[in-house]
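Written out below as structure tokens is the structure these notes cover.
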Amino acid sequence: MIHGAYQCAVNYFKDFDQINSSRHNSISLLGQPGTGKTHLLTALANNLIYKKQISVLYFPFVEGFNDLKDDFNLLEEKLTKMKRVQILFIDDLFKGRETPTQFQLEQTFGVINYRYLNHKPIMISSEKTVDELCDIDEALGTRIYQMSRDYTVVLKGDRKILNHRLAGMASV
Ligand SMILES: Nc1ncnc2c1ncn2[C@@H]1O[C@H](COP(=O)(O)OP(=O)(O)OP(=O)(O)O)[C@@H](O)[C@H]1O
Ligand SMILES: [Mg+2]
């Protein structure tokens, strides 16, 4: 499965020029904590930045929203950047609490819907599965699914084997 996620990221990089402006131009790594989702997508982003001169905006969900709420005068400007940047990387989508706040839902939907309509890629890491994303917000979940349909991996399995943070425990 981890190999699957790696291969998915490699394929995405290889295919990027062809899929960039299509509807299915995005990548989602979903599922269990500690399985290397952030690590892989960061490596992918670095490759896109340095080898293809693509601009990628990193938006860690929890910290990103704290920052958005910090100064409402800058909110529209920041949201516009999130809408227009070549690739938006949302790390740990819907992390933090049982259900996201109305503010988080509305702003996330606004940004992702804009990108969906304009065929602009997103990179998503989340502990939620596609079903769970749809349970939280169906309009948002189905858009993310459609956009990353060809590059989605759900990491699931034995925590002791898959979680890099617990590396070594499997042999105990
Ligand atoms: N392929 C790998 N080999 C060894 N260590 C790795 C690998 N991928 C990630 N790690 C390390 O494992 C830890 C967990 O990785 P990472 O934070 O990317 O997981 P994650 O799936 O994003 O977790 P979370 O859902 O909690 O955000 C990090 O310390 C990371 O540096
Ligand atoms: Mg992560």
Lys/Arg +1, Asp/Glu -1 at C-beta; the chain dipole; positive extreme among 163, 88, 16: 16
Charge sum, other residues only, whose C-beta stays under 11 Å from residue 141's C-beta, Lys/Arg counted +1 and Asp/Glu -1: -3
What accessible area, in Å² to the nearest ten, does a 1.4 Å probe give for residue 6? 120 Å²
Net charge of neighbours whose Cβ lies under 14 Å from the Cβ of residue 68, counting Lys and Arg as +1 and Asp and Glu as -1: -3
Grab the Cα-Cα distance for residue 74 and residue 98, subtract it from 0.36 nm times how many residues apart they are, and report the gain in nm with one decimal. 5.9 nm
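Could you work out what % of the accessible surface of the chain is carbon and sulfur, using a 1.4 angstrom probe and leaving DNA, RNA and ligands out of the count?
On the way: 4660 of 9260 Å².
Of the solvent-accessible surface of the chain, carbon and sulfur hold 50 percent.
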Using a 1.4 angstrom probe, figure out how much accessible area segment 2-159 has per residue, in square angstrom, rounded to the nearest whole. 51 Å²
Which residue, 84, 97, 115, has the most motion in a Gaussian network model of the chain that connects Cα atoms within less than 10 Å? 97
Accessible area of residue 138 in the full protein assembly, 1.4 Å probe (Å², nearest 10): 130 Å²
With θ taken as phi - 60° and the coefficients 6.51, -1.76 and 1.60, list the Karplus ³J(HN,Hα) couplings across segment 19-29 in order, rounded to whole Hz; mark glycine and proline as x. 8, 2, 9, 8, 5, 9, 10, 10, 9, 10, 10
Choose one answer from 55, 125, 26: the residue with the largest mean-square fluctuation in a GNM of the chain with alpha-carbon springs under 10 Å. 55
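Return the subset of 14/160; 37/83; 52/160 for which the Cα-Cα distance in this structure is over 28 Å, preserving the input order. Before the final figure, lay out the partial values.
On the way: 14/160 31 Å; 37/83 23 Å; 52/160 36 Å.
Distance filter (> 28 Å) returns 14/160; 52/160.
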As a check on your grasp of the helix formula, calculate [θ] at 222 nm for the chain: sum -39500 (n - 2.57) over DSSP H runs of n ≥ 4, divide by the residue count, round to the nearest 500. -16500 deg cm²/dmol
For residue 86 paired with residue 13, estimate the spin-label separation in nm (one decimal), with each label point 7 Å from Cα along the Cα-to-Cβ line. 1.5 nm
Filtering trypsin sites (Lys or Arg not before Pro) in segment 120-172 by DSSP loop and by at most 14 other Cβ atoms within 10 Å leaves 149, 156
Which value, in debye to the nearest 20, describes the size of the charge dipole of the chain about its Cα centre when Lys and Arg Cβ atoms bear +1, Asp and Glu Cβ atoms bear -1, and nothing else is charged? 560 debye
Determine the sum of side-chain charges near residue 26: Lys and Arg each +1, Asp and Glu each -1, restricted to other residues whose C-beta is under 10 angstrom from that of residue 26. +4
Potential extension, residue 52-residue 150 segment - 0.36 nm per residue separation minus Cα distance: 33.2 nm
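The values are calculated or read from the model by the stated rules, or taken from the named source; none is laboratory data. Not measured: the values here are computed from a predicted model. Using ideal geometry, Cβ is built from the backbone for each residue, glycine included, and neighbour counts are taken over all protein chains shown. For accessibility, only protein heavy atoms count, side chains too; no ligands or nucleic acids. Shrake-Rupley method; radii C 1.70, N 1.55, O 1.52, S 1.80 Å.
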